[in-house]
Protein chains: 2
Amino acid sequence: MSEVAATGISVLLVDDHPIVRQGYRRVLESQGDLHVVAEADNAADAYGAFKAHDPDVVVLDISMPGASGLEAIRNIRARSPRARILVFTMHNEAVLVKAAFGAGASGFVTKSSEPSAVVGAIRAVARGERAMSDDIAHVLAEDSLSSGSVLDQLGEREIEILRQFAGGATTEQIAAYLNLSVKTVQNYHYLIKTKTGARTDAQLVRLAATCGLTRI
Amino acid sequence: MSEVAATGISVLLVDDHPIVRQGYRRVLESQGDLHVVAEADNAADAYGAFKAHDPDVVVLDISMPGASGLEAIRNIRARSPRARILVFTMHNEAVLVKAAFGAGASGFVTKSSEPSAVVGAIRAVARGERAMSDDIAHVLAEDSLSSGSVLDQLGEREIEILRQFAGGATTEQIAAYLNLSVKTVQNYHYLIKTKTGARTDAQLVRLAATCGLTRI
DNA sequence: TGCAGCTCGGGCAAATTTCCCAAGCCGGAT
DNA sequence: ATCCGGCTTGGGAAATTTGCCCGAGCTGCA
């Protein structure tokens, strides 16, 4: 089993959409050198699957119910520093990308990338290199020039909650989704408003939209 | 080439994520009776691809950059009323679902559905039936309590107040601006929410934005 | 070791939201 | 003419949320 590296790259797929996982699995396995050895549909299960299968690369979507995907990254990296994690998501906000790399990700690829680019990123990550898709590089480049966004003053959790909220989720839904008490979500809501200076929920939504946190 | 229908179901895949398309393609083709005859990565190209390949079913994600997926549905249906379109997306808001069916979709399935459910929906749609995943049925059922076509049901005053609110104005500001009591504005706020089915201020803002009531 | 910052939640008064209701007005139907 | 229905305007009261303060655990950093 430990000879997998000699015959190819073993992959753990983490995504909450079953059909998406199945699709990726087929795409990756058609490559010959990539083998999906396990799947997980939430962050909590991700580490268990990682431990059980010791894959060369973890490919995961960070937007999942339950614990945050960033949490999963930290979780895995904390116990297995040699783990290679490739974030694969539809989001392309600079804050998220930086948070992911900060949490220990080795790569960040958006779903709008060409399959060949994704596969290339997996191989690069497996070799221990850092990888990111062109659009992500572009976003990071833009961001590095113009710092000082309102989002910079917000913590990771605050941004996550703001995203959910601006997306139209109720306090209860957010609390359930993130496994927090309603009270905590309310407090974050308030905190975010004071930090950003928004007096109204509507202003908050507009703010989130202009920062690219949510699309309307 | 025109005998595809006799040997199975031809499918046009429309999704802006290349690897997602490729994944779906493999999942569908593994079914034996489903054949992906074309792909498109945006709403604008969808009709061209439809015309060129005349697929039995169009499977498309409505959340795409550029022209709306709803636009694509209308586009196709306007010129080819016999087209069968299955919306396949991660969104599950009632407004979207109703808009999709209103635009002429034959089915609506979320990406969190089991692959078997998705495949079943494609077959059902190909047979001319209407199809939707369980979660969508649930969302619509909830929503059917307060049906209606979103903005048309609002009066002049309600629309004016919604515009102000979505623009970021506070209740007091609106009341002062329109020479109304705060209480009246609050009541309108509530009325608008119930009429539109928005459960959250954020949803209200998004609604106003999508209706062109406010710019962000 | 200690400080700073993030995360998480309790508490509590003040404010807002949620509904229910009433009244005036106006246009259209009877 | 009259009545019905919908829009506009607001009161009232209960239920929730907000605004703000607080403490505790944790992590990173000096």
Against the condition within 30 Å of residue A:25 (Cα to Cα), more than 11 Å from DNA strand D (Cβ to nearest atom), surrounded by fewer than 22 Cβ atoms within 10 Å (Cβ to Cβ) and not charged (D, E, K, R), how does residue A:107 come out, does it pass?
no
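Among the residues of the range B:38-52, how many are buried (at least 18 other Cβ atoms within 10 Å of the Cβ), at pLDDT 90 or above and not acidic (Asp, Glu)? Explain how you work it out, then say what you get.
The initial filter retains those residues of the range B:38-52 that are buried (at least 18 other Cβ atoms within 10 Å of the Cβ), namely B:38-41, B:43, B:46-47, B:49-50.
If we keep only those that are at pLDDT 90 or above too, we end up with B:38-40, B:49-50.
Keeping just the survivors that are not acidic (Asp, Glu) gives B:38, B:40, B:49-50.
Within the range B:38-52, residues that are buried (at least 18 other Cβ atoms within 10 Å of the Cβ), at pLDDT 90 or above and not acidic (Asp, Glu) number 4.
Please enumerate the residues belonging to the range A:155-180 that are away from DNA strand D (no atom under 14 Å from the Cβ) and closer than 18 Å to residue A:43 by Cβ. Walk me through how you get there before you give the answer.
Filtering the range A:155-180 for residues away from DNA strand D (no atom under 14 Å from the Cβ) gives A:159-160, A:163, A:167, A:177-179.
Result: A:159, A:160, A:163, A:177, A:178, A:179.
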Across (1) at pLDDT below 90; (2) more than 14 Å from chain B (Cβ to nearest Cβ), residue A:64 clears everything bar (2)
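Restricting to the range A:70-86, give me the number of residues that are under 11 Å from the mean Cα position of the chain (by Cα), among the charged types (D, E, K, R) and at pLDDT 85 or above.
Narrowing the range A:70-86 to residues under 11 Å from the mean Cα position of the chain (by Cα): A:70-73, A:85-86.
Within this subset, residues satisfying the condition of being among the charged types (D, E, K, R) are A:71.
Those left that are additionally at pLDDT 85 or above: none.
Within the range A:70-86, residues that are under 11 Å from the mean Cα position of the chain (by Cα), among the charged types (D, E, K, R) and at pLDDT 85 or above number 0.
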Tell me whether the range B:90-104 contains one or more residues that are open to solvent by less than 10 Å² (accessible area, probe 1.4 Å), modelled with pLDDT of 90 or more and either of a type in the set (Val, Ile, Thr) or more than 21 Å from the chain's Cα centre (by Cα) (or both).
no
When you scan the range B:181-216, how many residues do you find that are within 10 Å of DNA strand D (Cβ to nearest atom) and either more than 13 Å from chain A (Cβ to nearest Cβ) or of a type in the set (Asp, Glu) (or both)?
11
For the condition modelled with pLDDT of 90 or more and among the basic types (Lys, Arg), what is the one hit in B:183, B:195?
B:183
For the range B:192-208, name all the residues that are more than 8 Å from DNA strand C (Cβ to nearest atom), more than 9 Å from residue A:168 (Cβ to Cβ) and open to solvent by 50 Å² or more (accessible area, probe 1.4 Å).
B:195
Of residues in the range A:156-179 being facing chain B (nearest Cβ under 9 Å) and not in a helix (DSSP H, G or I), the one surrounded by the fewest Cβ atoms within 10 Å (Cβ to Cβ):
A:170
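The values are calculated or read from the model by the stated rules, or taken from the named source; none is laboratory data. These numbers were taken from a predicted model, which means no experiment stands behind them. Positions of Cβ are generated from backbone atoms using ideal geometry, with glycine treated the same way; all protein chains shown enter the neighbour counts. Side chains are part of the model used for accessible areas, which takes the heavy atoms of the whole protein and leaves out ligands, DNA and RNA. Shrake-Rupley method; radii C 1.70, N 1.55, O 1.52, S 1.80 Å.
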